[in-house]
Amino acid sequence: MTKSSILSGTELSKKYGDLEVVKNVSLVIDAGEFVCLVGKSGCGKTTLLSILSGLEKPTKGQVILNGKEIDGASEDELALFRRENVGFIFQSFNLIPTLSAWENVALPLFPLKMTNEQRRKRATELLGKMELGHRIEHLPSALSGGEKQRVAIARALINNPKIIFADEPTGNLDSSTGEAIMDILNKLHKDEGVAVLMVTHEAELAKTANRLIRMKDGEVVS
Ligand SMILES: Nc1ncnc2c1ncn2[C@@H]1O[C@H](COP(=O)(O)OP(=O)(O)OP(=O)(O)O)[C@@H](O)[C@H]1O
Ligand SMILES: [Mg+2]
């Protein structure tokens, strides 16, 4: 792990029973880097992302995320660590349907000592940055796909993470909306130095990244 790296995985493997879906993967992501992870369906991309972000434990290997060795941590410790250090964006947005846009964005702030007004202010600020200042009271069902994903990005940013993990964030969007989401992610890494590790199926989108990591049958091939 170099001084400037935000994430490093060393000799990671994951087995489900006899099935080894991640095989001896080592990688390093530098602070502020934008990396795309590509490969065929079922090759282990989501599993690797889950391991690197501390959502799942590897069968073997070590992960250092923002200077912390996360394999020894308890579930509670990990949940807290994730909340303070990483942001997540998913293909299916994962917004809570009964909460408004700003409440969804503010959700990670709820365990912190803040007033509702402070939470709302911070969430509104981020939604403004996502050009959704006019949609803060909308429920997810009243938002377009691209708007939902921008709410999800605002939520991912609310704790000022140094790295964002995104699993096919444009998978449910049409191509021009997908490009707009890519522009936002690109801007984040260029202007704010947030590292992004993103899984995508779309070769065109992957080209805009600093670096491509290609997986095949659980292994990193290039
Ligand atoms: N909990 C589990 N138990 C058993 N096998 C699993 C489990 N989770 C994933 N797998 C298997 O591990 C392999 C890798 O899955 P993973 O979801 O990481 O693939 P992926 O590259 O993200 O695919 P996609 O592009 O379709 O999302 C698959 O063959 C899958 O069936
Ligand atoms: Mg996947």
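Some notes on this structure:
- For the chain, a Gaussian network of Cα nodes joined below 10 Å ranks His134, His201, His189 by mean-square fluctuation, and the top entry is His134.
- Inverse of mean 1/r across different Cα pairs in region 65-188, Kirkwood, Å: 14.9
- Using alpha carbons only: equivalent-ellipsoid semi-axes of region 15-102, gyration tensor based, whole Å: 23, 18, 15
- Peptides ranked, highest mean first, by Cβ atoms within 10 Å: ranges 210-217, 145-152, 180-187: 145-152, 180-187, 210-217
- Across region 49-60, computed HN-Hα scalar couplings (Karplus, 6.51 cos²θ - 1.76 cosθ + 1.60, θ = phi - 60°) run 4, 5, 5, 5, 9, x, 7, 9, 8, x, 5, 8 Hz from first to last residue, x flagging Gly and Pro.
- Under 5 Å, built H, 5+ apart or other chain: amide partners of Asp71: Val63
- Sequence-separation-based contact order of region 60-141, relative, with Cα cut under 8 Å and 6+ spacing, percent: 30
- If you take all other residues with their beta carbon under 15 Å from the beta carbon of Asn24, and give Lys and Arg +1 and Asp and Glu -1, the sum is +1.
- Here's how it looks for Glu56: its modeled amide H is under 5 Å from those of Ile51, which are all 5 or more places away or on a different chain.
- With all protein chains in place and a 1.4 Å probe, the accessible surface of the chain carries 50 percent carbon and sulfur.
- Beta bridge orientation in the chain: antiparallel %, DSSP, nearest 5: 50
- For region 66-82, Karplus couplings with θ = phi - 60° (6.51, -1.76, 1.60), whole Hz, Gly/Pro x: 6, x, 10, 7, 8, 5, x, 6, 6, 4, 5, 4, 5, 4, 5, 4, 4
- Considering only Ser50, Ser144, Ser74, the Gaussian network model of the chain with Cα springs below 10 Å gives its largest mean-square fluctuation to Ser74.
- Scanning residues 5 or more positions from Met215 or on other chains, those with amide H under 5 Å from its amide H are Val38, Gly39, Val221, with H placed 1.01 Å from N in the peptide plane.
- Normalised contact order of region 149-214, rounded percent, pairs of Cα under 8 Å and 6 or more residues apart: 37
- Over all Cα atoms in region 5-214, the spread is summed up by Rg and Dmax: 16.9, 51 Å.
- For region 5-214, a crude dipole built from +1 on the beta carbon of Lys and Arg and -1 on the beta carbon of Asp and Glu, taken about the Cα centre, is about 140 debye to the nearest 20.
- Here the 3J(HN,Hα) profile of region 116-127, calculated from phi with Karplus coefficients 6.51, -1.76 and 1.60 at θ = phi - 60°, is 4, 4, 5, 5, 4, 5, 5, 5, 5, 4, 5, 5 Hz, Gly and Pro shown as x.
- Highest-MSF residue in the chain out of Ser92, Ser175, Ser100 [GNM, Cα springs under 10 Å]: Ser175
The values are calculated or read from the model by the stated rules, or taken from the named source; none is laboratory data. All values reported here derive from a predicted model rather than from experimental measurement. With ideal geometry, Cβ positions are generated from the backbone for all residues, glycine too; neighbour counts draw on all protein chains shown. To get the accessible areas, we keep the full protein, side chains included, count just its heavy atoms, and leave off ligands, DNA and RNA. Shrake-Rupley method; radii C 1.70, N 1.55, O 1.52, S 1.80 Å.
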